[in-house]
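What follows draws every value from the coordinates through simple rules; no lab data is involved. Owing to the predicted nature of the structure, the values given are computational and were not obtained by experimental measurement. Please note: Cβ atoms are built from the backbone with ideal geometry, for glycine as well, and neighbour counts cover all protein chains shown.
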Amino acid sequence: MSKNSKVLNLKDKINGNEVDLSLCNLTEVPVKELAAFPKATVVDLSCNNISSLPPEFCNLSHLVKVDLSKNQLTCLPDDLGSLVNLQHLDLYNNKLHVLPVSFSQLRSLKWLDLKDNPLEPGLAKAAGDCLDEKQCKQCATKVLQHMRAIQEEADRAREKRLLREKELERKKEAKQKEREAREKEARKREKAEEKEKRRKEYNAQMAALAAQEQQQQQKKKSEEKKKKNGQPAADKKAAVKVAPKPQRSVVGLMLRLLLLLLLGLVAVAAACRLTDLQREAVCAPVNAAVDDGLVWAKEQEVVVRQLVHDLSSAVKDFLESAQTSKN
C-alpha cells in the first residue's frame, strides 16, 4: 500500500474516535493525516515496520491512547512529553533501550507496557513484568517516577553545568577586566614615560640653545674687545713673551760686559793710584787718564748742575699737569 493510498483510505480506518492502522505494513506514521482528524484520540499502529517516530508526532497532543506494539522502534522523540493528554501507551515488543527524559512530563499516563524491549537495567526494574492490567498501571506509575528522578538528576546536572559555565564566564570576565586594567595601567605608564622623555628633550634643547646663545655672546664680546685693542690678545702675548727675549738677553749681556769693564778700570785705577804700583811705568798712563778725568769732571760740574736743575723743573711740570688732568 502506497502512502497516497493510505491518505485516501484513512477515513475508512476511522471508527468514531479510533483509527486502526495496524497490519498495514507502515514504515512511518502518517502524522499530517492524523493531525487532520483531532477527534481521533485512539490510534492503533501495532504490527507494522515503524523504526522511528518523527518529531511532528509530538504535536498530536489530542491523542489519548496509542498502540505501537510489535514494531521496530529503537528510540522515541525527545519531546514525547508534549503529549499531555496521553493516558495509554503500548510499546510491547520493540527495540527500545531508554526513554527520553521528557517522558516524565506525561502526567496523564495511567497505563504502560514495555515488555520485550532490551531496556537498560534501571528502567527494566521500574517497568516490571506488566503481565496484567494492574501490573501495566504500576508500570506507568513506576516508570514515571523513575523518569522524574532522571529528570531531576538531569536538571541538577544542567544546573551545575550552568553554574560552572557562569563561574567560568565570571572568571573570564574577571580576567578580562584584570587584563584591561593592566593594559590601561601600562598605557598610562607609557604616556607618563613619553611625557617625561619629551620634557627632558625640551629641557636639553633649551639648555643647548642657551649655551649656544651664551657662546655667541662671548664670541661677540671677544671680537669687540679685539677690535678695541687693535690686535688679538694672543699676538700681544706672543710679542711680549717671544719678541723681547732676544733683546733682553743681548742688552743684559752688554750691561754685564760694561759693568765688568768699568769695575776692571776702577780696580786698575785704584791699584795704580793707591798702591806702590803708582811708581811703575805701567801705571803712568792710567794715572794721567785719571787726572784728566777729574779735571774734566770739575769743568763739567756747572753744566751738570744746570742739567739737573732743568730736569727737576721738567719733572715738576709733568707731575703738576698729570695731577690737573686727573682732577
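Structure data summary
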| read-out | value |
| --- | --- |
| Segment 15-80: C-alpha gyration tensor shape, a/c 1.5 cut-off, then a/b vs b/c | oblate |
| Whole-number Å³ per residue for the convex hull built on Cα positions in segment 108-149 | 56 |
| Whole-percent pair-distance distribution, where bins are 10 Å wide, for the alpha carbons of the chain | 4, 12, 12, 8, 5, 5, 4, 4, 4, 4, 3, 4, 4, 4, 4, 5, 5, 5, 3, 0 |
| Gain upon complete extension [Lys171, Arg256; 0.36 nm per residue less C-alpha separation] | 19.8 nm |
| Only Lys, Arg (+1) and Asp, Glu (-1) charged, at Cβ; the chain dipole about Cα centre in debye | 1440 |
| Under 20 Å from the Cα of Lys166 - lysines, other chains or at least 8 residues apart | Lys175, Lys177 |
| Net length gained if the chain between Asn59 and Gln217 were fully extended (0.36 nm per residue, minus Cα distance) | 46.7 nm |
| Angstrom value of the Kirkwood radius, inverse mean 1/r, which spans all Cα pairs in segment 3-157 | 15.7 |
| Fraction of beta bridges assigned by DSSP in the chain that are antiparallel (%, nearest 5) | 15 |
| Acute angle (nearest 10 degrees) that the helix 283-299 long axis makes with the longest principal axis of the chain, alpha-carbon atoms | 80 |
| Surrounding net charge for Asp310, when Lys and Arg each add one and Asp and Glu each subtract one, Cβ distance under 13 Å | +1 |
| Relative contact order of the chain, defined on C-alpha pairs under 8 angstrom at six or more residues apart (%) | 7 |
| Per-residue [θ]222 nm for the chain (sum of -39500 (n - 2.57) over DSSP H runs n ≥ 4, rounded to 500) | -22000 deg cm²/dmol |
| Asn17 versus Tyr202: modelled label distance in nm, points set 7 Å from Cα along the beta carbon direction | 9.2 |
